[in-house]
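A.B. asks: Provided herewith is a single structure, encoded as structure tokens, for subsequent inquiry.
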Amino acid sequence: MSVWQERTIEQRNLLNPAFCAITVWHLARGYHAEATALASDTGGLPFALAFVGTSLVLRGQTRDQLPRSIATSLPTWVNDHPLERSAVAKGVVVLREAVREALLFGAQHELLSLDGHRLKASDTSVKKINAYLRASSAEVRDCMRQATFVGRWLCKAGAPPTVLALLGVQA
């Protein structure tokens, strides 16, 4: 992890551990909600999909290209958006350090817990996160809304190795 003072202002603002942890929290909540709706709750967001989901959500151009419904399959979206596929794969590599830091922050502050290879979002943090979102910008609220959507979408996309392969992410 790089020293905080050596990070650019953009990295400090967008990729700070608290913001990224709340993003992963929303991904995990969305994933769990969809898994519950499908009656296939497997215990939480697969660890690898935290990196993929964060890459999909934090890049504004990619976030704007996401489908409007989870009915759109990941293979269809990838076929229709080949440049975004590449951006997501690169984003996973670029964001790896920030996501790892966020996972540690989330665990330390009891936002997230790890159960095997799956992440669970804490229910005890809902009020604090909602208060944070009420005081946040429209773009931050959009990121979190999309993170919940992406969590649901990734749940329907298939097993993590399939998702990683479709997006060109090296495991």
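A.B. asks: Starting from region 154-166, take each residue that is free of Cβ contacts under 8 Å to residues at least 12 places away in the same chain and more than 13 Å from Gly44 (Cα to Cα) and list its partners that are open to solvent by 20 Å² or more (accessible area, probe 1.4 Å) and small (Gly, Ala, Ser), counting only C-beta distances under 9 angstrom and pairs at least six apart or across chains.
C.D. replies: Taking only residues 6 or more apart or on different chains, the pairs are Pro161/Ala48; Pro161/Ala171; Ala165/Ala171.
A.B. asks: Considering only residues that are hydrophobic (A, V, I, L, M, F, W, C) and open to solvent by less than 80 Å² (accessible area, probe 1.4 Å), look in region 53-85 and name the one that is farthest from Val169 (Cα to Cα). Let's see the steps before the verdict.
C.D. replies: Here is the first cut: in region 53-85, the residues hydrophobic (A, V, I, L, M, F, W, C) are 56-58, 66, 70-71, 74, 77-78, 83.
Subset that is open to solvent by less than 80 Å² (accessible area, probe 1.4 Å): 56-58, 66, 70, 74, 77-78.
Details: Leu56: 12, Val57: 16, Leu58: 17, Leu66: 18, Ile70: 21, Leu74: 14, Trp77: 16, Val78: 13 Å.
For region 53-85, the residue satisfying everything is Ile70.
A.B. asks: Being closer than 14 Å to Val52 by Cβ and either in contact with a Cys (Cβ under 8 Å, 6 or more places away or on another chain) or open to solvent by 90 Å² or more (accessible area, probe 1.4 Å) (or both) is the requirement here; does Val88 meet it?
C.D. replies: Numbers: closer than 14 Å to Val52 by Cβ: yes; either in contact with a Cys (Cβ under 8 Å, 6 or more places away or on another chain) or open to solvent by 90 Å² or more (accessible area, probe 1.4 Å) (or both): no.
No.
A.B. asks: Which pairs turn up if I take residues in region 63-87 that are over 21 Å from Asp142 (Cβ atoms) and look for partners that are at pLDDT below 95 and among the basic types (Lys, Arg) with beta carbon separation below 6 Å, at least 6 apart in sequence or on another chain?
C.D. replies: Between residues of region 63-87 that are over 21 Å from Asp142 (Cβ atoms) and residues that are at pLDDT below 95 and among the basic types (Lys, Arg), the close pairs are Val78/Arg85.
A.B. asks: Residue check: is Leu66 within 14 Å of the chain's Cα centre (by Cα) and farther than 22 Å from Ala131 by Cα?
C.D. replies: Working: within 14 Å of the chain's Cα centre (by Cα): yes; farther than 22 Å from Ala131 by Cα: yes.
Taking the combined requirement at face value, the residue satisfies it.
A.B. asks: Additional query: Being touching a His at 6+ places or on another chain (Cβ under 7 Å) and either aromatic (Phe, Trp, Tyr) or modelled with pLDDT under 95 (or both) narrows it down to one of Phe105, Phe47, so name that one. First the steps, then the outcome.
C.D. replies: On the way: Phe105 fails: touching a His at 6+ places or on another chain (Cβ under 7 Å).
Criteria check complete, one pass: Phe47.
A.B. asks: Report the residue count in region 1-47 for those that are assigned to a loop (DSSP other than H, G, I, E, B) and either surrounded by fewer than 20 Cβ atoms within 10 Å (Cβ to Cβ) or free of Cβ contacts under 8 Å to residues at least 40 places away in the same chain (or both).
C.D. replies: First pass over region 1-47, keeping only residues assigned to a loop (DSSP other than H, G, I, E, B): 1-3, 7-8, 15-16, 38-44.
Okay, now just the ones that are also either surrounded by fewer than 20 Cβ atoms within 10 Å (Cβ to Cβ) or free of Cβ contacts under 8 Å to residues at least 40 places away in the same chain (or both), so 1-3, 7-8, 16, 38-43.
The total comes to 12.
A.B. asks: Return the residue satisfying two criteria in turn: it lies in region 110-158 and is in a loop (DSSP other than H, G, I, E, B) and closer than 22 Å to Leu38 by Cα, and of such residues it is most open to solvent (accessible area, probe 1.4 Å). Step through it out loud before you land on a result.
C.D. replies: We begin by selecting, within region 110-158, every residue in a loop (DSSP other than H, G, I, E, B); these are 110-111, 116-117, 122, 135-137, 158.
Then keep just the ones that are closer than 22 Å to Leu38 by Cα; that gives 116-117, 122, 158.
On the way: Gly116: 56, His117: 153, Ser122: 26, Gly158: 32 Å².
The extreme case among them is His117.
The values are calculated or read from the model by the stated rules, or taken from the named source; none is laboratory data. The model shown is predicted, which means the values in this text are computed figures rather than measured ones. Glycine gets a Cβ as well: all are built from the backbone with ideal geometry, and neighbour counts include every protein chain shown. These accessible areas exclude ligands, DNA and RNA; they are computed on the full protein's heavy atoms, side chains included. Shrake-Rupley method; radii C 1.70, N 1.55, O 1.52, S 1.80 Å.
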